[in-house]
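**Q** Supplied in structure tokens, the structure appears directly below.
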Amino acid sequence: MSILTLIIKREFISKVRNKSFIVMTFLSPLLFVALAAFVGYLSTMRSGVKKILIHDESAFFTDEFKQTDQYHYLNFSDIPLQALKDSVAAEKYEGILFIPKSADNKSLSEDIQYISNESPSASFIEGLQEVIGKKLTTSNLQKAGLDTLAIANAQAKVDINLTKVSGEETVKGLNEIKVIIGGAFGYLIMMFIIIYGNMVMRSVIEEKTNRIIEIIISSVKPFQLMMGKIIGTSLAGVLQFLIWAIVGSILFVIASSFLGMQMSSPTAEMAAASGSDFSATAQLYIREMSNLPVATLLISFLIYFMGGYFLYSSVYAAIGAAVDNETDSQQFLLPIIMPLILGVYIGFFSVLSEPHGTIATVFSMIPFTSPIVMLMRIPFGVPWWQILISVTLLFATFFLVVWFAAKIYRVGILMYGKKPTWKELYKWLKY
Amino acid sequence: MSNILEVHKVVKTYGNYTALNEVSLTVPKGSIYGLLGPNGAGKTSLIRIINQITLPDNGTILLDGEKLQPKHIQSIGYLPEERGLYKSMKVGEQCLYLAQMKGLSKAEAKKQLEYWFDKLDIKGWWNKKIEELSKGMAQKIQFVVTVLHQPKLLIFDEPFSGFDPVNANLIKDEILELRDKGATIIFSTHRMESVEELCDHIALIHKSNKLIEGKLNDVKREYRSNTFEIGILTDNVEGLMYDLTQKFQVNPAHFKSLNNELKLEINLGTATSNELLHVLTQRGQVTHFVEKIPSVNDIFIQSVSQ
């Protein structure tokens, strides 16, 4: 057995045997599903019906407010405002919509008040404003002597149908789905890098604090040790992800068969409501999904995943070698986490609005963000040459960074006692 | 080839700091070679270079006549001063892992381990984790790991630190036995009494330079000052002192004896011991007459404080 495989094996076994690894591997899918179920349960819960009092001195809007599941509107225009205020203060009612008598629509639109204990939600107030606004507009139009019915009929409602050049009909909202798929992969890479990069770092620090490093390093090259650590740890991580995927899908099947009953009824209602139209749209979605470059996506996920992980974890290894304990590592970790987070943000903001815009394109080339940003772009279809440049850059940087990291690692693992500065790290490169 | 290791004009600098300045050493086969020097003298730098942990900036190193190269890792066993083991790994697995890193096959490593575990009476530890062992116990494991692959050259950096006297003795005997079996041992320590006891060759490094190297007895001969410690029973102390101070340099001496005699330390200068004896026998009865041989400790302190 070569020494590298020996190191990989040891790292893998020591990670996998670790109690916290075992607990995390089997507990996190459970936790995740439990959390999802909890959130689902919370969202089905409705807060009680809120009763809104309407004190309409103009008697103009009394019948305009439609009762909803959440809000009941009660007309209390006859009761003095002060009495209503008292009852709201006593928390019997949610709030009062106070519409004063007014000379004209103009001043009325400015004088309406909503009185409550707790500040109302923005969407609720918007709803009120819309109803009142509509009514006032109609009234204004009538006063101006215009035919409101004719205007209503003249309102044009546009719904653009999306079609590809190839003639296929496509669906709106697909972009969101693409971003979610690409984003999920990109996010996965970021999480993996942070979790397992940290593991690599901790394992380097462990060897330093255990003082076994000098024994090891007298039999193997520091570079071999570093690579062995990175690969061994990543294999443990891949195993963990596989277990998560398997356990997760089993739990998902179980959970959905339980929830299936409740889920199916509203869907059926919706389908009935929109009739054949709905199933046609659903089919469109499914067809679009299957048209996504799945193979490209998976292959590039693997490539970017490896490139990104190796790139970052060699930096993590170098940091681990440079410091004596985990607390000292903080100042060096920030520059690692920044580009990762940047990648995710750029992915979600700029790729969504402009998948092939300048920002998205540039950051999908820069090696430290490309694994995340490019993966988010790929579902939108990226020219092969861009992927080629991006991958080439990524791996070129990877080799460069590994070379630097190995230098720092080589010097750092035998340095004890002092927390190094950036300047010293630079000096180590020249040793 | 009678020399296992030849270090030739090795230079190592860290930035502006010179850790080794053209240091040359010759370690004869089958010797126990004491590498001495104060803290920060450059011993560890040199040992790390021999172990190929770091590379020298300049100079050559020959191991058994061949230029030092990666395959020689298997011919060297190194017990560093800063040593430790994987805490959460089991003893047996850990030993196997470290042995395989030195190029042993798994079966061979197991065989060797059984031999050593038996010999050091630590058979029951195979499935224990290192964190369950005491410091001294872990040291034993480290010693086993160092010698397991039967290296030609063994380098021990402070091997006895952390051992109780019983185990230190056990390890000392093992070191001597390994030497008798043909291994060469480089021994870096601050414990001068163990150097005195074990080493036949020494080298002293101070401030990045080698000051002394050679057979222990040769070095001692070189450092002897022609001084004798004498004890004498005499009635006429003043007369004796007069005679002695005429010819020699005389100082009071302290050594343990059964008689209540006059104890002196006498530097002969260019004279011979017979001349001194002649003077002494004329004045009284000689009870003690020993040449003062410099201890390694004396040599160390003398050369370092120069």
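**Q** Residues A:Phe398, A:Phe332, A:Phe404, A:Phe349: which one is surrounded by fewer than 19 Cβ atoms within 10 Å (Cβ to Cβ), among the aromatic types (Phe, Trp, Tyr), within 30 Å of B:Tyr14 (Cβ to Cβ) and in the same structural domain as A:Leu188 (by TED's automatic domain parsing)?
**A** Values: A:Phe398 fails: surrounded by fewer than 19 Cβ atoms within 10 Å (Cβ to Cβ); A:Phe332 fails: surrounded by fewer than 19 Cβ atoms within 10 Å (Cβ to Cβ); A:Phe349 fails: within 30 Å of B:Tyr14 (Cβ to Cβ).
It is A:Phe404.
**Q** Taking the stretch B:108-133, which residues are among the aliphatic types (A, V, I, L, M) and in a helix (DSSP H, G or I)?
**A** B:Ala109, B:Leu113, B:Ile130, listed by residue number.
**Q** Of the residues that sit in the stretch A:205-232 and are among the polar types (S, T, N, Q) and in a helix (DSSP H, G or I), which one is nearest to the other protein chains (Cβ to nearest Cβ)?
**A** The extreme case among them is A:Asn210.
**Q** Sticking with this structure for a sec: Which of (1) free of Cβ contacts under 8 Å to residues at least 40 places away in the same chain; (2) of a type in the set (A, V, I, L, M, F, W, C); (3) touching a Pro at 6+ places or on another chain (Cβ under 7 Å) is the odd one out, the single condition B:Val11 does not satisfy?
**A** Single failed check for B:Val11: (1).
**Q** Working carefully through the options B:Phe117, B:Phe156, find the one that is over 30 Å from B:Gly42 (Cβ atoms), crowded, with 20+ Cβ neighbours inside 10 Å and touching a residue at least 24 places away in the same chain (Cβ under 8 Å).
**A** Criteria check complete, one pass: B:Phe117.
**Q** Right, B:Ile130: touching a residue at least 40 places away in the same chain (Cβ under 8 Å) and either under 27 Å from B:His190 (Cα atoms) or surrounded by fewer than 18 Cβ atoms within 10 Å (Cβ to Cβ) (or both) or not? Outline the logic, then answer.
**A** Details: touching a residue at least 40 places away in the same chain (Cβ under 8 Å): yes; either under 27 Å from B:His190 (Cα atoms) or surrounded by fewer than 18 Cβ atoms within 10 Å (Cβ to Cβ) (or both): no.
No; evaluated as a whole, the condition is false for this residue.
**Q** Could you run through the stretch B:94-117 and say how many residues are facing chain A (nearest Cβ under 8 Å) and under 23 Å from B:Ser134 (Cβ atoms)?
**A** Residues that pass the stated criteria total 2.
**Q** Condition first: β-branched (Val, Ile, Thr) and within 13 Å of A:Ser116 (Cα to Cα). Now tell me which residues in the stretch A:69-89 satisfy that.
**A** Here is the first cut: in the stretch A:69-89, the residues β-branched (Val, Ile, Thr) are A:79, A:88.
A:Val88 - this is the single residue of the stretch A:69-89 that is β-branched (Val, Ile, Thr) and within 13 Å of A:Ser116 (Cα to Cα).
**Q** So, A:Leu239, is that one at pLDDT 85 or above and either within 14 Å of chain B (Cβ to nearest Cβ) or in contact with a Leu (Cβ under 6 Å, 6 or more places away or on another chain) (or both) or not?
**A** For A:Leu239, the condition - at pLDDT 85 or above and either within 14 Å of chain B (Cβ to nearest Cβ) or in contact with a Leu (Cβ under 6 Å, 6 or more places away or on another chain) (or both) - is not met.
**Q** Name the residue that is surrounded by the fewest Cβ atoms within 10 Å (Cβ to Cβ), counting only residues in the stretch B:7-28 that are modelled with pLDDT under 90 and of a type in the set (D, E, K, R).
**A** Once the filter is applied, the top-ranked residue is B:Glu22.
**Q** A follow-up question, please. On the basis of being under 20 Å from A:Val238 (Cα atoms) and part of a helix (DSSP H, G or I), does A:Tyr304 make the cut?
**A** Taking the combined requirement at face value, the residue satisfies it.
**Q** May I ask you to list the residues in the stretch A:16-41 that are in a helix (DSSP H, G or I) and within 11 Å of chain B (Cβ to nearest Cβ)?
**A** A:Arg17, A:Lys19, listed by residue number.
**Q** Can you pull out the residues in the stretch B:31-76 that are facing another protein chain (nearest Cβ under 10 Å) and within 18 Å of B:Ile185 (Cβ to Cβ)?
**A** The answer is B:Thr44, B:Ile47, B:Arg48, B:Ile50, B:Asn51, B:Ile73, B:Gln74, B:Ile76.
**Q** Tell me whether the stretch B:78-93 contains one or more residues that are away from every other protein chain (no Cβ under 11 Å) and outside any strand (DSSP E or B).
**A** yes
**Q** Would you tally the residues in the stretch A:320-341 being among the charged types (D, E, K, R) and within 15 Å of A:Ser203 (Cβ to Cβ)?
**A** 2
The values are calculated or read from the model by the stated rules, or taken from the named source; none is laboratory data. As the structure is a prediction and not an experimental result, all values here were calculated from the model. Using ideal geometry, Cβ is built from the backbone for each residue, glycine included, and neighbour counts are taken over all protein chains shown.
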